[in-house]
Amino acid sequence: MAVTTMIGAKIHRREDPRLITGRGRYVDDMKLNGMLHVGFVRSPYGHARIRSIDVTDAAKAPGVVAVYTARDFEGLLQGEMPVTISFVPDKKQPIGWAFIAKDEARYHGEIVAVVLAREKSQAADATALVSVDFEPLPAVVDLDKAVESKSPTAHTGIPDNVAWDMTVGAGDVDAAFADADVVVKQRILQQRLFPIAMEGRAVLVEYVPFDNRLTMWTSSQVPHWVRLCLTLAMGIPESNIRIVAPDVGGGFGSKIHIYPEEYLAAAASKLSGRPIKWTEGRSENLQATHHGRAQIFDIEIAAKKDGTLLGYKVRQYVDTGAYVSVFSSFQCSAYAIAEGAYDLKNVKFQTVGILTNTTPTDAYRGAGRPEATHAIERGIDLVAREIGMDPVEIRRKNFSKFPHSNYLGFAYDTGDYDKALTKALATVGYDAFRQQQKELRAKGRYLGIGLSTWIEVCGFGPSAVTAANEPLALVESSSVRLHPTGSATVYVGTSPHGQGHATTFAQIAADTLGLPYDAIDVRTSDTGDTPFGYGTYGSRSLHVGGSAVLMSCRKVVDKARKLAAHMLEASEEDVAFDQGRFYVKGSPDKAKTMGEVAFAAHRDNLPEGMEHGLEAVTYYDPPDLSWPFGTHICVVEVDPETGAVDLQRYVAIDDCGNVINPMIVEGQVQGGVAQGIAQALFEEVIHDAETGQLRTGTLLDYSIPGTGEIPVIECDRTITPSTTNPLGAKGIGEAGTIAASPAVINAICDALSPLGIKHVDMPASPDRLWKQIQEARAHANGSKEAHQ
Amino acid sequence: MIPAAFEYARASSVEEASKLLKTFGEDAKVLAGGHSLIPLMRLRLAQPKALVDINGIKDLDYIKEDGSKLRFGALTRHVTIENSAVVKQKLPILAEVASEIGDNQVRNMGTIGGVAAHADAAGDYPTIALMLDAEIVTNQRTIAAKDFFKDLFTTPLAADEIVTELVFPVANGPHKYIKFRRRLFDWAIVGAAAQKMNGGWRIGLTNVGTTPVRATAVEEALHKGAKPEEAAQHASDGLNPSGDLRASPEYKKHLARVLTKRAIEQAG
Amino acid sequence: MKHKVSTTVNGSRHEHEVESRLLLVHYLRDEVGLTGTHIGCDTSQCGACTILVDGKAVKSCTMFAVQAEGKELTTIEGMAKDGVLHPLQQAFWDEHGLQCGYCTPGFIMAAAYLLSQNPNPTEDEIRRGLEGNLCRCTGYVNIVKSVQAAAKTMGGAKAKTGEQQAATRRA
């Protein structure tokens, strides 16, 4: 095999030149002749009956070509939005989500009418002229109230608001709690978040009648899923549908959904016979693009006085929003890693999905794994506090040792949790910090340090593991084609939106094929030329898609070796392949390069029975999942007078196995950590508790942190190769987000521990912390007085 | 998002602008920096029938020394105030306030006259204007700051009246403005200003009511010799702020006290 | 009613008849045909639409096209000259200062303004100078590094030639 030259190197991204010069092509950058702009009329209420819709004024407005309501799409769009199994096979109420509301709107932002106009300004004007007679209905917003028996329901006529209720577990949890010296209980809020890719969604679609062909450019993470869903809804054969995700300005899970706007724009193109374009505005995005998190965790941990964890009970309430969205219950992946990095076999995990009158929630960076990590990392700190043990020691005491299978029987590939922890402690200078903290506490200053010894699960998905969970095996595909003069095109089913697949996959192909890096082109995100793939999410692209590239390249090399042997007049077994050169072992001077072999593959004189060309296809189904891990440490100082948090240091030591491009890995970690910090300190979606109307409706009200708020993130790594894929790699796209929020909150709780504060919810905004500090002080004064 | 349609006219003099406003009638608005107005128009929360663009009126962009006063043309951009040597020397608190408004791009466009006329309780200049007894000059009259900021987004400006100038007294003694916010580019959750002037203190507060607030009780306490910490306890006297997504009324009142104390202590 | 607006965009003169409500960013994208300037919000927060107007960084979503009458506009497309990347573009490439690339033109233009005012900014000054731009991918760490690197290049050696750029691609 070729000596590695590209894999592991810091290669500049080949995506960048067009992006830094303004030559990127995002959907909104494109136009088609004769295209119309679509405007969506949306419900301004959380829950309302639609009495009637009057489109007269809108239809007469300048430039308006058509106004459609639900009835216009009947017969054109079959069925409803699909719901995948995603960790919850039996959903009690997988409420059907129609592409457009007909009689009842169930969240602020749900589409009730569609306007087509020649100019986008005209579409905006006419949208405001559609007159909808809404009758507001009681809105379900609060999760605790939603499960009360007298609660109104999020949909008229359903028995209650429970979408699913499932419990998994193992071991003897009751015995574990009975044996415990201490039991800690905590309710942990996972506030609702906007994913906010900087590019909102956008669709440009053209249906060509008579040809019965549909081409759509859409800002998506999953073009092949979009094609599949449009085929099912519209009855157009897949072969006649082409979906392209051109440059996509971020996703973070928000673009794995196949959205009503995609179906409706496609159908509107068919109805009107014109190309249709829609570009989501930001305030529209905040209503219409799915939200994330919106969960409550009730946890209980049983432990011995010496810090040994004995048992763990979790109840996860997932606010599904108004409908169970396509991958909504992927957020229940929390149960797959409930116990985190700790050897804990007595676990009971209940997950309850609850319908409310809010925008549906779905996967947001990490999807279930940040929540699980936050819960166990907060939980273990609470136990440590309860028994007076250092958070480092309690972690070391309970770390899983390898080989390891978790409470559900998942066998982890590899891991060395102590190694990452040790490195992180050394980087941050843990002992010195504790000393400094002590000295500053004496001066009335509140510094804290927080750990997150995180793990996660990714690489979805081996069909053997996911078979029970998904109707389709989440394999990943590649096709590698060598051209006569020795360049190659690599087609993959993954669909990047900032992750740099064109670079990393070219690195893999260059090394494996022994061709120059610049002779490899990587094509993604166009169903017209790429093999069927499931797209990019869940930190799966390298593990599954990268491995698919590797496997196709190996197949090409195998065939090329046969041909080279023929050219060298040697037997195949005697031919070596090294640095792109085939030669008879012992005679490296008389070599045929891969380029020469590629040329020969297109000429005559092939070995008997060999077809022309050098090309291979792979649908790679990994044998198992991968389990990345690491330790993040955060240092904060809290201003007790104002509740302001000063994020002083952030150290991230991660282990994602073998690294293809360290620069890209670091970038993923830094961006992920920033989103975790954003959740911990800044961001929160708020709906009006009575009406379900969105109160944080613009970026003025929703605090995405900027350059002044995110500190330098000090990154380093340990390397423990995975054994479940030939690259030895594990996912890294979500790691930062999974790890960060508990590191920050644990640091704040550590800082405020002298005040008796044990838990802080997110976002730990100054007003929230100030209130908690006030209450803690009042409580302390109260108990002092009581003792006097 | 695209604003609703409107008429647009460019004025090259204040007289012309005033005439245009009269012609267009009640629903016309003046377009200066546009950084409060245009976002509202994009969200269609504001739908003026017409905009009168005054950005072309060259003689409204100036900073002039006038004895014990500093005169700011209404179109003076935040960036100009932030970097002005004269302001840094004669009224340094205003240069510091300007440097903390929004971000570079906002400061390149936003104007002092626009902030005054918009009369947002979260605006920073109005606090300084009120506490220093600045004057707002229009094409029709001169209005004392205390009479100008009447209510939330409400001023005594007539429909065809245009702010042309803000007049501040020179004040280069110890001073501090603390703008408490979660992100650098945010509006103040609460802001507190302290300025030593003519031997006494002027104390102003941002975003603790429907208008900027001058904390006279704090000023008096300091005058009577109270320590900053004691005096600052009066910062919330009479305040009745409304809560919002970022802060409860209690928290705002608390911040008023804490930030006032810090502003006085840190004034340099 | 339409208004005549003439501008100079990246050195080229343009004349259009536009509606008064046309935002400058839509003018650039839809009328002039330069789509490198992006739109990321509708309330002037994100800075994706940042361009230079007479050398000053401005959010082109918060200005009407009619206001640009007679102005010199510089967009991301005007930064590379004669086949040579602007040092800021080169630095964003070198330092992995972008991932999805959507916010990048705005950051580069905001940084260009910052460096025009302060050629040797500290890290804190860079962070303050870019506070009007939001990025969701990078966590800003490499953006700050990119601007530091560009400041160094611009203060020192001239921009690299196209050939040198190619040679450094595998640093």
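Worth a mention:
- Qualifying residue in region A:734-750 (condition: at negative phi, assigned to a loop (DSSP other than H, G, I, E, B) and of a type in the set (D, E, K, R)): yes
- The residue of region A:267-311 that is nearest to A:PHE40 (Cα to Cα), among those that are more than 26 Å from the chain's Cα centre (by Cα), assigned to a strand (DSSP E or B) and not β-branched (Val, Ile, Thr), is A:LYS277.
Conditions tested, residue by residue: (1) assigned by TED's automatic domain parsing to the domain that holds A:ILE258; (2) open to solvent by 30 Å² or more (accessible area, probe 1.4 Å); (3) among the basic types (Lys, Arg); (4) within 24 Å of A:MET234 (Cβ to Cβ).
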site: A:VAL65; (1), (2), (3), (4): yes, yes, no, yes
site: A:PHE73; (1), (2), (3), (4): yes, no, no, yes
site: A:ILE85; (1), (2), (3), (4): yes, yes, no, yes
site: A:ALA101; (1), (2), (3), (4): yes, no, no, yes
site: A:ALA113; (1), (2), (3), (4): yes, no, no, yes
site: A:ALA117; (1), (2), (3), (4): yes, no, no, yes
site: A:LYS150; (1), (2), (3), (4): no, yes, yes, no
site: A:MET166; (1), (2), (3), (4): no, yes, no, no
site: A:VAL173; (1), (2), (3), (4): no, no, no, no
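- For region A:208-224, a residue qualifies if it is open to solvent by 10 Å² or more (accessible area, probe 1.4 Å) and either among the aliphatic types (A, V, I, L, M) or more than 29 Å from C:THR37 (Cα to Cα) (or both), and the qualifying residues are A:VAL208, A:PRO209, A:PHE210, A:ASP211, A:ASN212, A:ARG213.
- When region A:491-500 is limited to residues that are open to solvent by less than 10 Å² (accessible area, probe 1.4 Å), closer than 19 Å to A:TRP225 by Cα and outside any strand (DSSP E or B), the one that is farthest from the other protein chains (Cβ to nearest Cβ) turns out to be A:GLY493.
- All positions within region A:125-140 that are under 34 Å from the mean Cα position of the chain (by Cα) and buried (at least 21 other Cβ atoms within 10 Å of the Cβ): A:THR127, A:LEU137, A:ALA139, A:VAL140
- Across region A:596-623, the number of residues qualifying as open to solvent by less than 80 Å² (accessible area, probe 1.4 Å) and in contact with a strand residue (DSSP E or B) (Cβ under 6 Å, 6 or more places away or on another chain) comes to 7.
- In summary, no helices (runs of 4 or more DSSP H) completely within region B:97-206 bear 2 or more residues that are at positive phi and either more than 14 Å from every other protein chain (Cβ to nearest Cβ) or modelled with pLDDT under 95 (or both).
- Set A:GLY409, A:GLY429: member being at pLDDT 95 or above, on the phi > 0 side of the Ramachandran plot, in the same structural domain as A:HIS632 (by TED's automatic domain parsing) and out of contact with any Leu (no Cβ under 6 Å at 6 or more places or on another chain): A:GLY429
- Selection from region A:696-725 of residues that are open to solvent by 20 Å² or more (accessible area, probe 1.4 Å) and at the interface with another protein chain (Cβ under 7 Å from one of its Cβ atoms): A:LEU700, A:ASP701, A:GLY708, A:GLU709, A:VAL712
- Filter pass, C:VAL5 being in a strand (DSSP E or B), surrounded by 24 or more Cβ atoms within 10 Å (Cβ to Cβ), more than 13 Å from chain A (Cβ to nearest Cβ) and of a type in the set (Val, Ile, Thr): no
- Here the condition is being open to solvent by less than 10 Å² (accessible area, probe 1.4 Å), of a type in the set (Ser, Thr, Tyr), touching a Lys or Arg at 6+ places or on another chain (Cβ under 8 Å) and under 29 Å from A:ALA375 (Cβ atoms); of A:THR453, A:THR512, A:THR503, A:THR466, it holds for A:THR453 alone.
- Condition check for A:TYR491: over 28 Å from A:ILE256 (Cβ atoms) and among the hydroxyl-bearing types (Ser, Thr, Tyr): no
- Residues (open to solvent by 10 Å² or more (accessible area, probe 1.4 Å) and assigned to a loop (DSSP other than H, G, I, E, B)) located in region A:327-356: A:PHE327, A:ASP343, A:LYS345, A:ASN346
- A single member of C:GLY70, C:GLY97, C:GLY47 is more than 8 Å from chain A (Cβ to nearest Cβ), in a loop (DSSP other than H, G, I, E, B) and open to solvent by 20 Å² or more (accessible area, probe 1.4 Å), and it is C:GLY70.
- Taken over region A:366-391, the residue count meeting the criterion of being assigned to a loop (DSSP other than H, G, I, E, B) and on the phi < 0 side of the Ramachandran plot is 2.
- Any hit, region A:617-632, residues being farther than 30 Å from B:ARG181 by Cα and charged (D, E, K, R): yes
Yes/no per residue for (1) modelled with pLDDT of 95 or more; (2) within 21 Å of A:MET216 (Cα to Cα):
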residue	(1), (2)
A:THR504	yes, no
A:GLN507	yes, no
A:LEU513	yes, no
A:THR524	yes, yes
A:GLY528	yes, yes
A:THR536	no, yes
A:ARG540	no, no
A:VAL557	yes, no
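- The set of residues in region B:179-195 that are surrounded by fewer than 24 Cβ atoms within 10 Å (Cβ to Cβ) and more than 27 Å from B:GLY73 (Cβ to Cβ) comprises B:PHE180, B:ARG181, B:ARG182, B:ARG183, B:LEU184, B:ASP186.
- Condition check for B:LYS29 on (1) crowded, with 16+ Cβ neighbours inside 10 Å; (2) more than 7 Å from every other protein chain (Cβ to nearest Cβ); (3) more than 27 Å from A:PRO62 (Cα to Cα); (4) under 22 Å from the mean Cα position of the chain (by Cα): one failure, at (3).
- Tabulated pairs, region B:41-65, first within 13 Å of chain C (Cβ to nearest Cβ), second of a type in the set (Lys, Arg), C-beta under 6 angstrom, 6+ apart or interchain: B:PRO48/B:LYS29; B:LEU51/B:LYS29; B:ASP53/B:ARG10; B:GLY56/B:ARG10
- For region C:12-32, the condition holds for no residue, the condition being that it is assigned by TED's automatic domain parsing to the domain that holds C:SER60, in a strand (DSSP E or B), in contact with a strand residue (DSSP E or B) (Cβ under 9 Å, 6 or more places away or on another chain) and hydroxyl-bearing (Ser, Thr, Tyr).
- Index of the failed condition, C:MET63 passing every other in (1) open to solvent by 20 Å² or more (accessible area, probe 1.4 Å); (2) more than 12 Å from chain A (Cβ to nearest Cβ); (3) under 25 Å from C:ARG136 (Cβ atoms); (4) not basic (Lys, Arg): (1)
- Filtering region A:578-591 for residues that are open to solvent by 10 Å² or more (accessible area, probe 1.4 Å) and assigned to a helix (DSSP H, G or I) leaves an empty set.
- Any chance A:THR414 is in contact with a Cys (Cβ under 6 Å, 6 or more places away or on another chain), of a type in the set (Ser, Thr, Tyr) and at pLDDT 95 or above: no
- Of A:ILE660, A:ILE664, all but one fail to be under 21 Å from the mean Cα position of the chain (by Cα), hydrophobic (A, V, I, L, M, F, W, C), outside any strand (DSSP E or B) and within 13 Å of chain C (Cβ to nearest Cβ); the exception is A:ILE664.
The values are calculated or read from the model by the stated rules, or taken from the named source; none is laboratory data. Small disclaimer: the values here were computed from a predicted structure and weren't measured. No Cβ is skipped: glycine too gets one built from the backbone with ideal geometry, and neighbour counts run over all protein chains shown. Only protein heavy atoms, including side chains, enter the accessible area calculation; ligands, DNA and RNA are left aside. Shrake-Rupley method; radii C 1.70, N 1.55, O 1.52, S 1.80 Å.
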